[in-house]
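Chemist: Structure incoming, see below.
The values are calculated or read from the model by the stated rules, or taken from the named source; none is laboratory data. Remember, predicted model here, so these are calculated numbers, not experimental data. For neighbour counting, all protein chains shown are included, and Cβ atoms are generated from backbone atoms with ideal geometry for every residue, glycine included.
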Amino acid sequence: MTERSSEVPGFYRRSTAERRAFVQRWAGLSDEELRALEFPPGVDAGVVERMIENVVGVMSVPLGIATNFRINGREYLVPMAIEEPSVVAAASNAAKVARAAGGFSAQSTAPVMIGQVQLVGVPDPAAARLRILDRRDELLAAANAKDPVLVKFGGGAKELEVRLVASARGPMLVVHLLVDARDAGGMNAVNTMCEALAPELARLAGGRAVLRIISNLAIHRLARAHATFRADQLATPTATGAEVVEGILDAYAFAAADPFRCATHNKGIMNGVSAVVLASGNDFRAVESGAHTYAAWQAAGDGTVVRPLTTYEKDRDGNLVGSIELPVPVGLVGGATAVHPTARAVVKILGVRSARELGELLAAVGLAQNFAALRALATEGIQRGHMELHARNYAASAGARPDEVDRVVERLVREGPIRLDRAKEILEELRRNAG
């Protein structure tokens, strides 16, 4: 038997149907399995084929709506694209608790992104830094000449910074170009400006320009949100509201003290943030990278490894006050947000009017998600909600009809274990008894 080869000349020239047929033969997919790659209704195949290379289909992710969000006095329905159970429900429940004290308050800084130009082989880095800064106005003007439309709308290159960076390859001079991206993510504009400036920066420094690219550590493009979670809204059958507040404060202190816990703490925040970023067609990898690096960058100032993106305190009335700050390099102009039909619909549902408003919403969602997780951890444990939703998935996988799902789930959760084989046994028993 001839060994398969992944070297496929001209694969990108083939039609989607031809690529699917090739993949079907390669992997031995059944016709039913192949149909799972098909474009869903409402998605233009031509649009998807222009978004990435070698398209064979679409990987659909569930899209849910988180309710109850009030941010800066405005009401929001929040679409979230995610496969993890309980995230949408948790965000909705947290937002409902926050409403009792007025909802979320959020703010943001100007949408300034950082472009980096790396200069190596500079013989006099300190003096070169001053030579570059001395030409600040000319360099900014040259950068802005590359995007007059962005400048027209109030954006463009605003400032220049020069850093001396020690590295294993010797000292480097790194120029930061600070660009107000307005309602765009900023990648194309910033990268173009950095490319344009690189030759002159290399000449001024007497060295060689290597990388010219945007940074995802958007420390100048921040969103902040805070909310009060009233103690009288937090009581459970087994704990008073005051006890729940203390439990959440203990959980937060654990994350602040231990990087192993902090990693999961911040991941829970991003469950909410990334779900909205993905739904809106923005680059969730950039937002994830920036948020986690920001948590470490902030921690460097106080000598720790990583810091929680959220903070929790108790006010004078014994209520819990939560806050969050994170970079939000997102936009409403360009990219998938502008071309993907689902992303366009999501933005319309959100009703956000600017990239800054979207960033503020993301901060509020991240805080809500984190509060919900800490509340569950400090009371019943995180697994209860997860297990009920897993049971629902197992019931559906076992073949339960809509009118049977709730009964299968109830018995799975009550009797255990929550497994697919047990769901099938319960379903068979229910149908025998009904017959």
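Chemist: Do you know which residues across segment 333-358 are more than 17 Å from M51 (Cβ to Cβ) and either aliphatic (A, V, I, L, M) or in a helix (DSSP H, G or I) (or both)?
Modeler: If the condition is that a residue be more than 17 Å from M51 (Cβ to Cβ) and either aliphatic (A, V, I, L, M) or in a helix (DSSP H, G or I) (or both), then K348, I349, L350, V352, A355, R356, E357, L358 are the ones that fit.
Chemist: So, in segment 195-223, of the ones that are part of a strand (DSSP E or B), of a type outside the set (G, A, S) and under 26 Å from the mean Cα position of the chain (by Cα), which residue ends up nearest to G331 (Cα to Cα)?
Modeler: L222
Chemist: Filter segment 8-38 down to the residues that are surrounded by 12 or more Cβ atoms within 10 Å (Cβ to Cβ) and in a helix (DSSP H, G or I) and list them by number.
Modeler: Scanning segment 8-38 gives F11, T16, E18, R19, R20, A21, F22, V23, Q24, W26, L34.
Chemist: Got a sec? Which helices (runs of 4 or more DSSP H) wholly within segment 43-148 have at least 2 residues that are within 30 Å of P171 (Cα to Cα) and touching a helix residue (DSSP H, G or I) at 6+ places or on another chain (Cβ under 7 Å)?
Modeler: By residue number, 125-134, 136-144.
Chemist: Take A81 and decide whether it is assigned by TED's automatic domain parsing to the domain that holds L362 and closer than 27 Å to N271 by Cα.
Modeler: Yes.
Residues are listed down the side, and each one gets a yes or a no for (1) among the hydroxyl-bearing types (S, T, Y); (2) in contact with a helix residue (DSSP H, G or I) (Cβ under 7 Å, 6 or more places away or on another chain); (3) under 23 Å from L332 (Cβ atoms); (4) free of Cβ contacts under 8 Å to residues at least 24 places away in the same chain:
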| site | (1), (2), (3), (4) |
| --- | --- |
| N266 | no, yes, no, no |
| A279 | no, yes, yes, no |
| G290 | no, no, yes, no |
| A296 | no, no, no, yes |
| A299 | no, no, no, yes |
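Chemist: Among what's in segment 228-253 and is buried (at least 17 other Cβ atoms within 10 Å of the Cβ) and aliphatic (A, V, I, L, M), pick the residue that is nearest to A94 (Cα to Cα).
Modeler: Selected residue: L234.
Conditions tested, residue by residue: (1) in a helix (DSSP H, G or I); (2) closer than 27 Å to P341 by Cα.
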| position | (1), (2) |
| --- | --- |
| L249 | yes, no |
| F260 | yes, no |
| A275 | yes, yes |
| D302 | no, no |
| T311 | no, no |
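Chemist: Sort out which residues of segment 272-316 are touching a Gly at 6+ places or on another chain (Cβ under 7 Å) and either among the basic types (K, R) or over 18 Å from I219 (Cβ atoms) (or both), and write them in order of number.
Modeler: Within segment 272-316, G272, G281, N282, Y312 meet the criteria.
Chemist: Related question: Only one of these conditions is not met by G64: (1) touching a residue at least 40 places away in the same chain (Cβ under 8 Å); (2) buried (at least 17 other Cβ atoms within 10 Å of the Cβ). Which number is it?
Modeler: Only one criterion in (1) touching a residue at least 40 places away in the same chain (Cβ under 8 Å); (2) buried (at least 17 other Cβ atoms within 10 Å of the Cβ) is unmet by G64, namely (1).
Chemist: Considering only segment 32-47, I want to know if a residue exists there that is closer than 30 Å to G155 by Cα and not assigned by TED's automatic domain parsing to the domain that holds G359.
Modeler: yes
Chemist: Report the residue count in segment 182-218 for those that are out of contact with any strand residue (DSSP E or B) (no Cβ under 7 Å at 6 or more places or on another chain), in contact (Cβ under 8 Å) with a residue 24 or more places away in the chain and charged (D, E, K, R).
Modeler: Final tally of qualifying residues: 2.
Chemist: Sticking with this structure for a sec: Answer yes or no: is there a residue in segment 16-25 that is under 30 Å from Q369 (Cα atoms) and touching a residue at least 40 places away in the same chain (Cβ under 8 Å).
Modeler: Scanning segment 16-25, I find no residue that is under 30 Å from Q369 (Cα atoms) and touching a residue at least 40 places away in the same chain (Cβ under 8 Å), so the answer is no.
Chemist: Shifting gears a bit: Only one of these is assigned by TED's automatic domain parsing to the domain that holds V287 and surrounded by fewer than 22 Cβ atoms within 10 Å (Cβ to Cβ): N144, N72. Name it.
Modeler: N72
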